[in-house]
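To start, the structure itself, in structure tokens.
The values are calculated or read from the model by the stated rules, or taken from the named source; none is laboratory data. Since this is a predicted model, take the numbers as computed values, not measurements. So basically every Cβ, Gly included, is an ideal-geometry build from the backbone, and we count neighbours across all protein chains shown. When the accessible area is computed, the model is the full protein with side chains, heavy atoms only, and any ligands, DNA or RNA have been set aside. Shrake-Rupley method; radii C 1.70, N 1.55, O 1.52, S 1.80 Å.
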Amino acid sequence: MTARVRWTTYGRPALDALRDVVAHLKQDDPLHPVTIIVPSNVAGIVARRHLARGVHPDRPAIASLWITTLPRLAEQLASPRLTGEGRKPATRALVGATVRGVLQGDPGVFGEVADHPSTARALARAHHDLRDVDDAACESVAGTSALCADVVRVHRATRERIAQSHYDETDLLHTAAATLTAARAAELGSVVIYLPQELTHAEARLTATLARLTDTHLVVGHTGDHRADAAVLESVHTVVPDAPLPPPRPAPTVDRIAHASDSDDEVRCAVREVVRVLRTTPAHRVAVLYAARDPYARLLHEHLAAAGIEVNGPGVRPVAERAVARLVLGLLETARTGYRRADLLRTIGELPVTTFEQPDAPATRVSLPLWERITREAGIVAGDDWQERLDVHQRSIEYQLADDDLYDSTRDRLTRHREATAAMRHFVATLRGRLDALARAATWTEAAEGLRGILDALLPPATHRHLPPAEQHALVTVRSALSQLHALDSTPTSPSLTGVEEILGLELDGALPRVGTFGRGVLVAPVEQAVGLDLDVVHVLGLAEDLCPGSLREDSLLPERAREATGWALRSTRRRADTTHRALLAAFDSATHVTAQLPPR
């Protein structure tokens, strides 16, 4: 079938064009199935709410409509087959552990840095990039340098090991494209690809398959800037080789430019404008977008909260920065660094941690000020001091209590210190024993369950209701991350304190919970989320050259000369700047009143 392309601008015109296309598809049959493929979940929500008003004057609603993203569609089409083969989804933890296992088996040129956490993370990112190109492109990359050859070797070994029992997003997309039949495609009805952006090779293959088997329509946004639109035009021509070029248009501009002395002043100016605008404009029609997460995201949330304004958008603190995550990661680091006094007390001091149960004494909450004082008096530094010097300190207290002439107040103080010293000795001895057992664990499942047992003992269920909501969410996320460690038993790597700490840190650092509900309050988000928005007022912050698009740094593992050797099948890192530029212009198109905040010259 021949796909049809309709060019439009971003913002409300794109939504109106989408409504016209859907109205045309449903003009004869309101129940005709239509599948809309959107670039992001936020764009999907905006489109759903716009279409929910109906596409015909006499039909104030709409039915038989499925809005999804391309990866989610691939999951619906291909996951039954892949799971039927006994394969499971590959998590970031699994990929990271597999890369580390390959390095342990043959580090190659990475020998001196093979054990550094950044090495495995960088190679995992390179593996992700190389997954989108074929073996011929990988051969071209390998031929550019010895370093690139070893990167390709690690990538191929990682891919082969993961493919034995797991699948990733690229597998889903390729499998969906290869197995999609006319009968299955007919169930999707007409397909509308709404505001397509830069497509990976796997996504382009699935999109082209859909265009061949279904009645496909493309509603494509363009900004009028050739460089910003180049990736979109390339994606469109992948699906529709003879697609017409977009009509010429001037690039969008802003209505107002504001200068500020620094980032904090930028945020204060924007918040004052938002407070003024909210007197006449609903909050869900206002957005504050930022070009750089640091420092704007945290400043915006703090200042808007101080002004009493409800917000929604990506969170500003990943789970790794929450106290629960710092407790788990801190315990692993403390065990690795020898149980230094300051490290251990800092790790357990942020939450209502309880001691481990004893046969003759129930678990009680740790009294950090008292433990701080006792450890200073006992002269504890690290390691075996926790047993030897606490034992000496306890005997000293017993000796003082043997004096019959003590004041009652002194005796009560010494008794409290004796009980706290005994509880501390038991706590540290039990903690060291459990963490030592974790270090000797034979499987990742054993290590995960051991760490879960420590967490449950230190934060029993009775304490959960006293935690702030953000910490309760972090606790759930940490427990979920521990469950994902079970899948690593299928990898050739063995668990260790360093390995568990590295993989948990990777999972928790990437977990960024959303704040609020989209459509309630002012949207605070990175400018990259502007595609698909429809607003009345937008403020864009951080438009300094070093922040937007920011400094372009060459990939140390996959440099530009290696990417060029593939004929740019492996995309240039320059594309990231073009993506940011396109999103910025889409933000200018997304509202009737746009203010750009610029730093002083």
Does Thr144 meet the test of being part of a helix (DSSP H, G or I), in contact (Cβ under 8 Å) with a residue 12 or more places away in the chain and either out of contact with any Ser or Thr (no Cβ under 7 Å at 6 or more places or on another chain) or open to solvent by less than 60 Å² (accessible area, probe 1.4 Å) (or both)? no
Just a yes or no: is a residue in region 277-293 farther than 30 Å from Arg12 by Cα and either assigned to a loop (DSSP other than H, G, I, E, B) or not β-branched (Val, Ile, Thr) (or both)? no
For Trp66, work out the one condition from (1) modelled with pLDDT of 90 or more; (2) under 30 Å from Thr175 (Cα atoms); (3) open to solvent by 10 Å² or more (accessible area, probe 1.4 Å); (4) part of a helix (DSSP H, G or I) it doesn't fulfil. (4)
Given the structure, is Glu75 open to solvent by 50 Å² or more (accessible area, probe 1.4 Å), part of a helix (DSSP H, G or I), of a type in the set (Asp, Glu) and closer than 24 Å to Glu198 by Cβ? yes
Provide a single number: the residues in region 548-601 that are without any contact (Cβ under 8 Å) to a residue 60 or more places away in the chain and among the aliphatic types (A, V, I, L, M). 3
Of the residues that sit in region 1-51 and are open to solvent by 10 Å² or more (accessible area, probe 1.4 Å), among the small types (Gly, Ala, Ser) and farther than 21 Å from Val286 by Cβ, which one is farthest from the chain's Cα centre (by Cα)? Ala23
Of everything in region 505-554, what is touching a Pro at 6+ places or on another chain (Cβ under 7 Å), modelled with pLDDT of 90 or more and assigned to a helix (DSSP H, G or I)? Give them in sequence order. none
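Per-residue answers, yes or no, for (1) in contact with a Phe, Trp or Tyr (Cβ under 9 Å, 6 or more places away or on another chain); (2) open to solvent by less than 30 Å² (accessible area, probe 1.4 Å):
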{"site": "Pro295", "(1), (2)": "no, no"}
{"site": "Glu302", "(1), (2)": "no, no"}
{"site": "Ile309", "(1), (2)": "no, yes"}
{"site": "Asn312", "(1), (2)": "yes, yes"}
{"site": "Glu321", "(1), (2)": "no, no"}
{"site": "Leu327", "(1), (2)": "no, yes"}
Being under 32 Å from the mean Cα position of the chain (by Cα), part of a helix (DSSP H, G or I) and of a type outside the set (Ser, Thr, Tyr) narrows it down to one residue among Val192, Val232; which is it? Val232
Here the residues within region 377-423 that are assigned to a loop (DSSP other than H, G, I, E, B), of a type in the set (A, V, I, L, M, F, W, C) and either at pLDDT below 85 or open to solvent by 50 Å² or more (accessible area, probe 1.4 Å) (or both) are Val381, Ala402, Leu406
Name the residue, out of Arg574, Arg563, Arg553, that is under 23 Å from Asp129 (Cβ atoms) and buried (at least 18 other Cβ atoms within 10 Å of the Cβ). Arg563
